[in-house]
1. Any residue in segment 115-135 that is at pLDDT 95 or above and either closer than 20 Å to residue 28 by Cα or of a type in the set (Gly, Ala, Ser) (or both)?
2. Over 23 Å from residue 11 (Cβ atoms), surrounded by 13 or more Cβ atoms within 10 Å (Cβ to Cβ) and either at pLDDT 95 or above or in contact with a strand residue (DSSP E or B) (Cβ under 8 Å, 6 or more places away or on another chain) (or both): is that true of residue 145 in this structure?
3. Restricting attention to segment 120-137, does a residue exist that is without any contact (Cβ under 8 Å) to a residue 60 or more places away in the chain, buried (at least 16 other Cβ atoms within 10 Å of the Cβ) and touching a Ser or Thr at 6+ places or on another chain (Cβ under 7 Å)?
4. If you scan segment 35-83, which residues turn out to be touching a Leu at 6+ places or on another chain (Cβ under 6 Å) and closer than 13 Å to residue 175 by Cβ?
5. Where residues in segment 1-59 are of a type in the set (Asp, Glu) and more than 24 Å from residue 167 (Cα to Cα), which of them is surrounded by the fewest Cβ atoms within 10 Å (Cβ to Cβ)?
6. Residue 100: touching a residue at least 12 places away in the same chain (Cβ under 8 Å) and among the small types (Gly, Ala, Ser), yes or no?
7. State yes or no: is residue 91 free of Cβ contacts under 8 Å to residues at least 60 places away in the same chain, assigned to a strand (DSSP E or B) and surrounded by 12 or more Cβ atoms within 10 Å (Cβ to Cβ)?
8. Here are some residues: 162, 100, 151. Which one is on the phi > 0 side of the Ramachandran plot and either of a type in the set (A, V, I, L, M, F, W, C) or at pLDDT 90 or above (or both)?
Amino acid sequence: MTVQTLPQTGTWVLDPTHSQIEITARHLMVSKVRGTFKEFTGAIIVGDSPGTSSVEATLVAASIDTGVEDRDKHLRSPDFLDVENFPTITFDSLNVSRDGNDHELTGDLTIKGVTKPITLDLEYLGVATDPWGNEKVAFEASGTFDREDWGLNWNVALETGGWLVSKQFGISIIAQAAKA
């Protein structure tokens, strides 16, 4: 496998079989529940500099999978994602910035028809050529957001204080893409 320093400029299409989009929430204020989106598309446009680069992604909201069917049905309901009325979740980047070795990805996240900016820490993982001669690029992005900003308000107060489901959600994206 050949590893290169920087990816070629141009469009790179997400490979869903080697990428993962995961949401994490606290349950009962102590444990964590993770859900992954199984269906999504997206592209990374690598420019001459981080500022001329961009990212776009579309997630199928009904593809959320926590490994527990009853919980997944609840997440798909109007209490959370309301997938019948809002079948997709989208992200369109506004800016990729660099400060030394640190990168940030800022973009508009749309959930349930509500669009708000979100900033994620971004890490460039490298470029490699697979055994069949196909060049691949990989990135990782992560951050948190307040789900209530997007109208995901359902919750239950706990007798001991706190909430059944945390207001802060974590997001982690591992993206591998191939040159378009």
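The values are calculated or read from the model by the stated rules, or taken from the named source; none is laboratory data. Just so it is clear, the model here is predicted, and its values are computed rather than measured. Quick reminder, even Gly has a Cβ in these numbers, built from the backbone with ideal geometry, and neighbours come from all protein chains shown.
1. Checked against the condition, which is being at pLDDT 95 or above and either closer than 20 Å to residue 28 by Cα or of a type in the set (Gly, Ala, Ser) (or both), segment 115-135 yields no hits at all.
2. Values: over 23 Å from residue 11 (Cβ atoms): yes; surrounded by 13 or more Cβ atoms within 10 Å (Cβ to Cβ): yes; either at pLDDT 95 or above or in contact with a strand residue (DSSP E or B) (Cβ under 8 Å, 6 or more places away or on another chain) (or both): yes.
Yes: the conditions hold for residue 145.
3. Among the residues of segment 120-137, at least one is without any contact (Cβ under 8 Å) to a residue 60 or more places away in the chain, buried (at least 16 other Cβ atoms within 10 Å of the Cβ) and touching a Ser or Thr at 6+ places or on another chain (Cβ under 7 Å), which makes the answer yes.
4. Listed by number, the residues that qualify are 37, 40, 42.
5. Our first condition is that a residue be of a type in the set (Asp, Glu); within segment 1-59, this holds for 15, 22, 39, 48, 56.
Those still in the list that are more than 24 Å from residue 167 (Cα to Cα) too: 15, 39, 48, 56.
On the way: 15: 16, 39: 15, 48: 8, 56: 15.
Step by step, filter segment 1-59, then rank; the result is 48.
6. Details: touching a residue at least 12 places away in the same chain (Cβ under 8 Å): no; among the small types (Gly, Ala, Ser): yes.
Spelling it out, it is not the case that residue 100 is touching a residue at least 12 places away in the same chain (Cβ under 8 Å) and among the small types (Gly, Ala, Ser).
7. Details: free of Cβ contacts under 8 Å to residues at least 60 places away in the same chain: yes; assigned to a strand (DSSP E or B): yes; surrounded by 12 or more Cβ atoms within 10 Å (Cβ to Cβ): yes.
Against the criterion (free of Cβ contacts under 8 Å to residues at least 60 places away in the same chain, assigned to a strand (DSSP E or B) and surrounded by 12 or more Cβ atoms within 10 Å (Cβ to Cβ)), residue 91 qualifies.
8. Values: 162 fails: either of a type in the set (A, V, I, L, M, F, W, C) or at pLDDT 90 or above (or both); 100 fails: either of a type in the set (A, V, I, L, M, F, W, C) or at pLDDT 90 or above (or both).
Checking each option against the conditions leaves just 151.
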